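> Pasting in a structure now, in structure tokens, and then I'll have a few things to ask.
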Amino acid sequence: MDRKLELVPVTEWGFFTLPRPMIIAGPCSAETKEQVMETAKGLSDLGIHVFRAGIWKPRTHPGCFEGMGTEGLRWLQQVKKEYGMKISCEVASEKHVYECLKFGVDMVWIGARTTANPFLVQEIADALRDTDIPILVKNPVNPDLDLWIGALERFNRAGHKKLGVIHRGFSTSQKIDYRNDPGWRIAIELRTRYPELPFFADPSHMGGDRKYLLELSQRALDLGLDGLMIESHCNPDVALSDAKQQLTPAGLKDMLGKIVVRDNDTDSIEYKENIDQLRAQIDVIDENLLFALGSRLSISKKIGHYKKDHNIAIIQSTRWESILSRMTEKGAQYGLSPEFVSAVFNAIHEESVRTQNEILSSREGD
Ligand code: PEP
Ligand code: MN
């Protein structure tokens, strides 16, 4: 059951200028005063109003650069003063929240590792209780939509209504080109359930390499997401964290110039009517279907080898009949006709039998 979220529309936050996309940009980490100021100047010249910088960095291994801490907040304050930008950073504990509030941070985000921990989410929600600064919640590292929604609910229950989400992809053990699996299906589901929730994508952490920023940003906007959080550094090659995925403000300008922003707005009816967005959703589903079919076939091949080793016939008709009747019944729950389900599964079965046949008829050493 979907629980409602009580939200203040993003247009009333006073942070972003419309039309889409709303952009949040800045370095992965605040490293030095010079680096922060120079990057902020470049971004401010591009007309970006919301600056990001990591102050406390959640690193996989100890001994890596773990952020400048409070000193970095002074530089953010300076960015706000000099360029009039809104400043934002990640918080992962009550202590971080108190430091941010002391230094006039305008918005915070919850990192992927923190969203996965309800104790910390609750602690942060409580520490922010007397403020109304916007809070953006990144997806948890694991693809668990309920955990993501649960974090939003915790903030909402603690009285926070300026909420948004950032989709940064999911950890995966699969070998993929990107640093994190985009898992767009989950983003689409969240978007569909809460169309009013301001929705950002983070192509930097999703791709892990600046060469993927354009395709991922375009995908996000085609799916109707509202904005992007992108890592930008005045000199990415010497960045102390996430060097490969950051780009200069000039590079960001160039990349943003190539994005095709299709006509739409965040109104939910318009969104559903926009054919480009629906097609982009279909493309994602089709990719998922192919992935599922490929995975099924590779298991089927394993079964083929197993049958060969144990000298068992390929076609086990009772097993197949039971799959077909179970799937026809299940299909009805998803609005699929029995004819359609049986046509699809017969095709799948045929391919599986053909592949197993090849395995059985191959001689050792083939
Ligand atoms: C970040 O945005 O700096 C960050 C650490 O991202 P994530 O929580 O998505 O890994
Ligand atoms: Mn980073």
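> What number does segment 129-240 give for Rg over Rh if you use C-alpha atoms and the Kirkwood radius? Display every interim value, and only then the final one.
Numbers: Rg = 14.7 Å, Rh = 14.8 Å.
Radius of gyration relative to Kirkwood radius: 0.99.
> A further question on this structure: Output the peptides 117-123, 21-27 sorted from most to least packed, where packing is the average of other Cβ atoms within 10 Å over each peptide's residues.
21-27, 117-123
> A follow-up question, please. Sort segment 1-92 into rounded, prolate or oblate with this rule: let a ≥ b ≥ c be the square roots of the eigenvalues of the Cα gyration tensor; rounded if a/c is under 1.5, and if a/c is not under 1.5, prolate when a/b is larger than b/c, oblate otherwise.
It is oblate, given that a/c is not under 1.5 and a/b is not larger than b/c.
> Give me Rg over Rh for the chain, both radii from the alpha carbons and Rh done the Kirkwood way, two decimal places.
Expressed as Rg/Rh, it is 1.06.
> Separate question: Cut-off 10 angstrom, C-alpha nodes, Gaussian network model of the chain. Which of 284, 341, 137 fluctuates the most?
The residue that fluctuates most here is 341.
> What lysines does residue 302 reach when the alpha-carbon gap must be under 28 Å and sequence neighbours fewer than 8 apart in one chain are set aside?
175, 330
> Report for the chain the percent antiparallel among DSSP-assigned beta bridges with both residues inside it, nearest 5.
Expressed as a percentage, antiparallel bridges in the chain total about 5.
> Would you mind giving the average projected area, over all directions, of the Cα convex hull of segment 269-361 in nm² with one decimal?
Details: hull surface 29.4 nm².
Reported value for the Cα convex hull: 7.3 nm².
> Per residue, how large is the accessible surface of segment 19-78? Use a 1.4 angstrom probe and give square angstrom.
Per residue, segment 19-78 has an accessible area of 41 Å².
> Could you give the dipole magnitude of the chain about its Cα centre, charging the beta-carbon of Lys and Arg +1 and that of Asp and Glu -1, in debye to the nearest 20?
580 debye
> Another one. For 312, 359, write out the residues from largest to smallest accessible area, computed with a 1.4 angstrom probe and no ligands counted.
The ordering from most to least exposed comes out as 312, 359.
> Still on this model: Work out the charge dipole of segment 92-186 with +1 on the Cβ of Lys and Arg and -1 on the Cβ of Asp and Glu about the Cα centre, then indicate which of 131, 143, 178 is farthest towards its positive end.
The residue sitting most towards the positive pole is 178.
> What residues qualify as long-range amide H neighbours of residue 247, i.e. H under 5 Å apart, gap of 5 or more or another chain, H built at 1.01 Å from N?
Hits under the 5 Å cutoff: 232, 233.
> Assign one of three labels to segment 196-329, namely rounded, prolate or oblate, based on the Cα gyration tensor with a ≥ b ≥ c the square roots of its eigenvalues; rounded applies when a/c is under 1.5, prolate when it is not and a/b is larger than b/c, and oblate otherwise. Each step should come with its number before you reach the end.
Values: a/c = 4.33, a/b = 1.84, b/c = 2.36.
Oblate shape, in that a/c is at least 1.5 and b/c is the bigger or equal ratio.
> Mind giving me the nanometre distance, one decimal, between the label points for residue 177 and residue 12, set 7 Å out from Cα along Cα→Cβ?
In this crude label model, residue 177 to residue 12 measures out at 4.2 nm.
> Please work out the average accessible area per residue across segment 88-161, using the 1.4 Å probe convention, and give it in Å².
Ligands and nucleic acids excluded, the result is 38 Å² per residue.
> Starting from the Cα gyration tensor of segment 41-180, take the square roots of the eigenvalues, sort them a ≥ b ≥ c, and report rounded, prolate or oblate (rounded when a/c is under 1.5, otherwise prolate if a/b is larger than b/c, else oblate).
oblate
> If you project the alpha carbons of segment 211-250 onto the principal axes, what extent comes out on each, in Å, largest first?
Principal extents (Cα only, largest first): 34, 18, 15 Å.
> Leaving ligands, DNA and RNA out of it, report the carbon-plus-sulfur percent of the accessible area of segment 269-361 at a 1.4 Å probe. Before the final figure, lay out the partial values.
Working: 4020 of 6710 Å².
Of all accessible area on segment 269-361, carbon and sulfur atoms account for 60 percent.
> Only Cα pairs within less than 10 Å get springs; with that Gaussian network setup on the chain, which residue of 30, 127, 343 has the largest fluctuation?
Answer for the Gaussian network model of the chain: 343.
> Hey, another quick one. Rolling a 1.4 angstrom probe over the protein heavy atoms, how many square angstrom per residue are accessible across segment 204-346?
Counting only protein heavy atoms, the per-residue value for segment 204-346 is 59 Å².
> Among 212, 98, 334, which one moves the most in a GNM of the chain with springs linking Cα atoms closer than 10 Å?
334
> What FRET efficiency comes out for the pair residue 332/residue 301, r = Cβ-Cβ distance, R0 = 35 Å, nearest 0.05? Before the final figure, lay out the partial values.
On the way: r = 30 Å, r/R0 = 0.86.
Computed FRET efficiency for residue 332 and residue 301: 0.70.
The values are calculated or read from the model by the stated rules, or taken from the named source; none is laboratory data. A quick note: this is a predicted structure, and the numbers were derived from the prediction, not measured. Here Cβ is always computed from backbone atoms with ideal geometry, including for glycine, and neighbour counts include all displayed protein chains. Accessible surface areas use protein heavy atoms only, side chains included; no ligands, DNA or RNA. Shrake-Rupley method; radii C 1.70, N 1.55, O 1.52, S 1.80 Å.
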